[in-house]
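Structure first, commentary second.
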């Protein structure tokens, strides 16, 4: 089932929020949004509107959509329909999805340059394989010069080099999707990535920003903690965080622990988060403090994205420099070998 993109979710919340805040009913709001919104949002609204006209309630109508709607939206829509706070909840959800979209764009912008550097390096090496394949053959071997020592030279060698990288990237992507979505190893993969230098701290901060933003919304609703915690952790989109959901809920309900005590049993949650959570739990201001903390984590995430970008850049350039040095030595040794072969032929 196809997942609804963040941008569409943000537009959907905005399109529904305006008529609802104007005093229209849910049926009227969905019907009006279907006429004025973008094609994708219009289709979503039309489908929900049809189910509402048939007598379904709002949560059932949303769950009937042939798309993967974020669990947080489903739950908050149900809360809004029961409490009459759907317009305010949609405003909060719109801000939440805008926040997520901003983080995603920041991440993609930061990693674009290192990825381009890597692609350029692969292309330059392919060009070198092709050009050196046109040079005179090595007298000792009777073959063109092989810069990588992999038996790749000329046009065919360059094509094999490029195809190898393409298959490697595609295989890595499909193996990742298979491991997460079929084998259910998302939690272990995310836990491993959190331990990778530069990448791990960045992913951790992004997850904490999402968690705090989601807690700011869910804790400001009449939902029970056993529902708000799983929803908030699902919003992190990180398997390592999601895996702590059940132990935290069990610790609160079965162990009678406070929120901060339940979260502190897991190393994923940093001291500043636990400190703010503990203080806000005592003062009854968890939603407000979590929303404020989300902004702080957002700023920290931007800083760590810069560090990740720098680290990726150094890794790419270091790999390219190592390869260049290797090829220089290969060329030098090949040239020395050619001279020795020439000298021996002369002596004979």
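The figures follow:
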| item | result |
| --- | --- |
| Filtered residues of the range 170-185 (kept if surrounded by 13 or more Cβ atoms within 10 Å (Cβ to Cβ) and part of a helix (DSSP H, G or I)) | 176, 179, 180 |
| Check on residue 283, closer than 30 Å to residue 129 by Cα, surrounded by fewer than 14 Cβ atoms within 10 Å (Cβ to Cβ) and out of contact with any strand residue (DSSP E or B) (no Cβ under 6 Å at 6 or more places or on another chain) | no |
| Set 14, 85: member being surrounded by fewer than 20 Cβ atoms within 10 Å (Cβ to Cβ), outside the structural domain of residue 218 (by TED's automatic domain parsing) and at pLDDT 90 or above | 14 |
| Options 230, 222: the member that is in contact with a helix residue (DSSP H, G or I) (Cβ under 8 Å, 6 or more places away or on another chain) and at pLDDT below 90 | 222 |
| Selected residue [more than 30 Å from residue 154 (Cα to Cα), without any contact (Cβ under 8 Å) to a residue 40 or more places away in the chain, in a helix (DSSP H, G or I) and assigned by TED's automatic domain parsing to the domain that holds residue 302] from 108, 101 | 108 |
| Residue check, residue 167 loosely packed, with under 12 Cβ neighbours inside 10 Å, modelled with pLDDT of 95 or more and more than 24 Å from residue 296 (Cβ to Cβ) | yes |
| Of residues in the range 142-169 being in a helix (DSSP H, G or I) and in contact (Cβ under 8 Å) with a residue 40 or more places away in the chain, the one farthest from residue 125 (Cα to Cα) | 165 |
| Residue within the range 148-162 that is under 23 Å from the mean Cα position of the chain (by Cα) and either buried (at least 17 other Cβ atoms within 10 Å of the Cβ) or under 30 Å from residue 133 (Cβ atoms) (or both) present | no |
| Qualifying residue in the range 37-45 (condition: crowded, with 16+ Cβ neighbours inside 10 Å, at pLDDT below 90 and outside the structural domain of residue 236 (by TED's automatic domain parsing)) | yes |
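The values are calculated or read from the model by the stated rules, or taken from the named source; none is laboratory data. In this text, all values refer to a predicted model and were calculated from it rather than measured experimentally. Virtual Cβ from ideal backbone geometry, glycine too; neighbours counted across all protein chains shown.
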